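Q: Dropping a structure here in structure tokens format, bear with me for questions.
The values are calculated or read from the model by the stated rules, or taken from the named source; none is laboratory data. What you are looking at is a predicted structure, and each value in this text was computed from that prediction instead of being measured. Glycine also receives a Cβ, built like all others from the backbone with ideal geometry; neighbour counts cover every protein chain displayed.
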């Protein structure tokens, strides 16, 4: 499929999702308590089959899903995305028993998942993990005891299970990291909420000799960092899609407002300073959307440059969304900052995607690293 167009079926599906989000999901989101998991909203996402679709859809479908929901209800989009992020390591590397236990529960909206990678000293530098998995002393038949902390974990401390990345080997950086599936009821695992700008829960987890066994391992021992990176390579473009959805909502609001708001003897849209700002926002959104779709198609086709494309998509789309929302607020004036205004809501929501799943600076580092790696592997020109 060309990355610059959608077929009629995809276009119709996106329109249906936007309408569904506005009509059915937004009222449920508005009834939820900020900073808490909205389990009623998750149950409806499960009833609609959207959570189960996370396990089977490709990257492009995931992007279309997130972009469309974001235009109608950002809380529903975020609830769905966090379920996907926390569960995808299980889809990617879980055993049959693990999948049978948890995937039906997540798909129905009954179980809440969380992706536990970040630590107090390992945010942008994810390879600097210090959570330790120490052998429990029972040899090959035994397991490990997890000791340390995780922080800035979405859905913590309310999740029913966590995909946890801990250091099992002695290697530095990405070496010796193992992914574990840890149910919330394990002895020694405690959590606390962190008050954040985000409407969904974000918290810290403390591991005090939490027992895990080989049945809890996701993938292979000492190779869990690849599970984390493969998950992020899928979800980074879809963060960009979420951002594009927010940006489009801001643009639509700006166009409506400037077309009807009168000042200086006519509509604001008649002022070149205003119309050119709207045109700039629309152009950037168009470019961001193309980057997101291209990255998603690269992932779906197994292209070798997925890390760079994913990083570009997330970087440009999230930066564009910030610009679009800020411009829309400026064009609306003080009314856009009134509590409860749709743009006031977006203004709070749009900041976090530039940080989570790799800050903008991290994405630039990834892009540069991939560029130089390609240059090192290319034939040298004769001089």
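Q: Here are the criteria: (1) surrounded by fewer than 22 Cβ atoms within 10 Å (Cβ to Cβ); (2) within 29 Å of residue 109 (Cβ to Cβ); (3) touching a helix residue (DSSP H, G or I) at 6+ places or on another chain (Cβ under 7 Å). Tell me which single one residue 143 does not satisfy.
A: So the condition that residue 143 fails would be (2).
Q: Sort out which residues of segment 20-43 are over 23 Å from residue 153 (Cα atoms) and surrounded by 21 or more Cβ atoms within 10 Å (Cβ to Cβ), and write them in order of number.
A: 21, 25
Q: Can you tell me which residue within segment 330-354, out of those that are more than 24 Å from the chain's Cα centre (by Cα) and part of a helix (DSSP H, G or I), is nearest to residue 366 (Cα to Cα)?
A: Among those residues, the one meeting the criterion is 330.
Q: Restricting to segment 177-193, and then to whatever is at pLDDT 95 or above and not in a strand (DSSP E or B), can you tell me which residue is surrounded by the fewest Cβ atoms within 10 Å (Cβ to Cβ)?
A: It comes out as 187.
Q: Next question. For segment 294-306, enumerate the residues that are surrounded by fewer than 22 Cβ atoms within 10 Å (Cβ to Cβ) and either modelled with pLDDT of 95 or more or in contact with a helix residue (DSSP H, G or I) (Cβ under 7 Å, 6 or more places away or on another chain) (or both).
A: 294, 297, 300, 305 - these are the residues of segment 294-306 that are surrounded by fewer than 22 Cβ atoms within 10 Å (Cβ to Cβ) and either modelled with pLDDT of 95 or more or in contact with a helix residue (DSSP H, G or I) (Cβ under 7 Å, 6 or more places away or on another chain) (or both).
Q: Residue 83 is checked against (1) without any contact (Cβ under 8 Å) to a residue 12 or more places away in the chain; (2) crowded, with 24+ Cβ neighbours inside 10 Å and fails just one. What number does that condition carry?
A: Exception for residue 83: condition (1).
Q: Which of the residues belonging to segment 1-42 are part of a helix (DSSP H, G or I), over 23 Å from the mean Cα position of the chain (by Cα) and under 18 Å from residue 63 (Cα atoms)?
A: 8, 9, 12 - these are the residues of segment 1-42 that are part of a helix (DSSP H, G or I), over 23 Å from the mean Cα position of the chain (by Cα) and under 18 Å from residue 63 (Cα atoms).
Q: Using beta carbons and a limit of 7 Å, which pairs, at least six apart or on different chains, have the first residue in segment 300-313 and in contact (Cβ under 8 Å) with a residue 60 or more places away in the chain and the second one surrounded by 13 or more Cβ atoms within 10 Å (Cβ to Cβ) and assigned to a loop (DSSP other than H, G, I, E, B)?
A: Once the first residue is in contact (Cβ under 8 Å) with a residue 60 or more places away in the chain and sits in segment 300-313, its partners that are surrounded by 13 or more Cβ atoms within 10 Å (Cβ to Cβ) and assigned to a loop (DSSP other than H, G, I, E, B) give 300/58.
Q: Does segment 212-220 contain any residue that is under 30 Å from residue 75 (Cα atoms) and not in a loop (DSSP other than H, G, I, E, B)?
A: Within segment 212-220, the first condition is being under 30 Å from residue 75 (Cα atoms), and the residues that meet it are 218.
Pick out the ones that are also not in a loop (DSSP other than H, G, I, E, B) and you get 218.
Looking for residues that are under 30 Å from residue 75 (Cα atoms) and not in a loop (DSSP other than H, G, I, E, B), one finds at least one in segment 212-220, hence yes.
Q: Which of the residues belonging to segment 89-129 are in a loop (DSSP other than H, G, I, E, B) and either out of contact with any strand residue (DSSP E or B) (no Cβ under 6 Å at 6 or more places or on another chain) or in the same structural domain as residue 57 (by TED's automatic domain parsing) (or both)? Walk me through it before giving the result.
A: Filtering segment 89-129 for residues in a loop (DSSP other than H, G, I, E, B) gives 94-95, 108-112, 117-118, 120-121, 123-125, 129.
Scanning segment 89-129 gives 94, 95, 108, 109, 110, 111, 112, 121, 123, 124, 125.
Q: Pick from 203, 219, 148: which is within 21 Å of the chain's Cα centre (by Cα) and modelled with pLDDT of 95 or more?
A: Just one listed residue meets the conditions, 203.
Q: Something else now. Here is a check on your reading of the model: is residue 254 more than 29 Å from residue 346 (Cα to Cα), modelled with pLDDT of 95 or more and in a helix (DSSP H, G or I)? Break it down into steps so the answer makes sense when it comes.
A: On the way: more than 29 Å from residue 346 (Cα to Cα): no; modelled with pLDDT of 95 or more: yes; in a helix (DSSP H, G or I): yes.
When the stated conditions are applied, residue 254 does not pass them.
Q: Also, I was wondering about something else. Suppose we filter 156, 174 for residues that are at pLDDT 90 or above, buried (at least 16 other Cβ atoms within 10 Å of the Cβ) and assigned to a loop (DSSP other than H, G, I, E, B); which single one remains?
A: On the way: 174 fails: at pLDDT 90 or above.
Answer to the check: 156.
Q: Still on this structure: Which pairs turn up if I take residues in segment 350-376 that are surrounded by 18 or more Cβ atoms within 10 Å (Cβ to Cβ) and look for partners that are part of a loop (DSSP other than H, G, I, E, B) and at pLDDT 90 or above with beta carbon separation below 7 Å, at least 6 apart in sequence or on another chain?
A: Matching pairs, first to second residue: 370/305.
Q: Return the residue satisfying two criteria in turn: it lies in segment 330-345 and is in contact (Cβ under 8 Å) with a residue 40 or more places away in the chain and under 13 Å from residue 246 (Cα atoms), and of such residues it is surrounded by the fewest Cβ atoms within 10 Å (Cβ to Cβ).
A: Checked segment 330-345; the qualifying residue surrounded by the fewest Cβ atoms within 10 Å (Cβ to Cβ) is 342.
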